[in-house]
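Have a look at the structure below before the remarks.
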Amino acid sequence: MNISYVVSNRIPSARANGYAIMKLCEEWATLGHVVRLVVPKRKHGLKDDPFVYYGIKPLFTIARPPSSDFLGKSRTLERVRYVLDTVSYMYALRKLGFSNDDVIYTREYLVALVLPKRNLFLEMHTLPNAGFLMRRALQRVRGLVAISAGVRDALVNLGIEKEKILVAHDGVDPEVFARANAHRSMWGKFGIDPHKRIVLYTGHFYEWKGTDTLLEAAQFVSPDVQIVFMGAAEEELENLRYKGKNIHIVPYQPFELVPGFLKSADVLVLPNSGKHAISREHASPLKLFEYMAAGVPIVASDVPSIREILDDSSAFWFTPDDAESCARAISYVLSHEVEAREKISRARAIVEKYTWHARAQAILERVAI
């Protein structure tokens, strides 16, 4: 089949969704399909080769129709700049040819409004609103891919037939983690003592991700336990407020180094907030599957979105948005190594079902119907 995957993302970028998009295209191409990724040509941002940046095999092409980049130039009047850039890109897409495509795929409902309806599929990661434009996009598509059962259920509540929706969680590449080396010495260059216990969170610091809860939890664990936050963009680091000698902030690291950092931690934390639907019910965090593949005990916020994947046999749970509960779970893991090893083994067994290859195959089987 000829497949066009159309998004408005900056690629490459420090955001995890860029990797997820590129990886799905790679897997489709590996399965023998002709794949074209369509992304806007932006003036600002990273200029790296995205295949090199993400460690992706160049098995597909990337088309870059021109688009404005007001948002890349400045963050003032951010919402207005976003709208202008989106409209500019949507106009450019109307001029791009899709007549040779058997499948047109996107993960943005606004983009779906201007793409040809023939064999159009929309991947949903949350439901930002139920306004006219989103409902119009849902009516135009042939099928929907929900990133979680929570998103599927929300779509069904809007009146979408359940049979029209495929649930396909995010995934992981087990080979990447099998190759990664867990050298504790790598922490030294960030002022982190490799001989002390390391509790690690990777990803952005958005409120719904629950990082404030983990920050506060640092005061309730032993001073010898180091809480490490890794991966925020520069603007997030500027807004972050933290205190405590056992808290360490590590900026975004190249993708190829992250598996090694994960494997060399003592505990990995997924502190999703229970206050936001995207976190509580909709999310399928890419980091969750990476944590599972890393072979390190996982402490997770007890929310339905994470319960879709993990259970009591594979994770240690704490009450969402409760810093003391989070700290107790971390301390418990560090003092119960046998139980931790058992849960590590179970998490590794579960994650074998959630590879990028399996995800790509499941989606192809649905779009080919």
Residues meeting the amide H criterion for L37 (H placed from the backbone, H to H distance under 5 Å, 5 or more places apart or on another chain) are Y5, T61, I62, A63
In a Gaussian network model of the chain with springs linking alpha carbons closer than 10 Å, the residue among V228, V269, V83 that fluctuates most is V83
Averaging 1/r across every pair of distinct alpha carbons in the stretch 4-110 and inverting yields a Kirkwood hydrodynamic radius, in angstrom, of 14.5
Number of Lys pairs in the stretch 178-351 closer than 18 Å at Cα, excluding neighbours under 8 places apart unless interchain, is 9
Mean separation of Cα contacts under 8 Å (at least 6 apart) over the residue count of the chain, i.e. the relative contact order in percent, is 15
Once the in-chain neighbours fewer than 8 apart are removed, the aspartates and glutamates whose Cα is under 19 Å from K162 read E123, D153, E281, E308, E365
Highest GNM mean-square fluctuation among A293, A14, A92, for the chain with Cα springs under 10 Å, belongs to A92
Length gained if S74 through N2 is fully extended, taking 0.36 nm per residue and subtracting the Cα-Cα distance, is 22.2 nm
One checks the Cα atoms of the chain and finds Rg and Dmax, in Å, of 20.7, 62
Magnitude of the Cβ-charge dipole (Lys and Arg +1, Asp and Glu -1) of the stretch 178-351 about the Cα centre, nearest 20 debye, reported as 520
The orientation-averaged projected area of the Cα convex hull of the stretch 126-166, in nm², is 2.6
Per GNM of the chain with C-alpha springs under 10 angstrom, the most fluctuating residue out of T61, T202, T211 is T61
Under the helix-only model (-39500 (n - 2.57) for each DSSP H run of 4 or more, divided by the residues of the chain), the mean residue ellipticity at 222 nm, to 500 deg cm²/dmol, is -10500 deg cm²/dmol
Within the chain, excluding any trypsin sites (Lys or Arg not before Pro) found in a DSSP loop (not H, G, I, E or B) and having at most 13 other Cβ atoms within 10 Å, the longest uninterrupted segment runs 119-240
Gyration tensor (Cα only) of the stretch 178-351 to equivalent ellipsoid, semi-axes in Å sorted down, yields 21, 19, 16
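Since every read-out is calculated from the coordinates, none of them should be taken as a lab result. Just so it is clear, the model here is predicted, and its values are computed rather than measured. Positions of Cβ are backbone-derived with ideal geometry, glycine not excepted, and every protein chain shown enters the neighbour counts.
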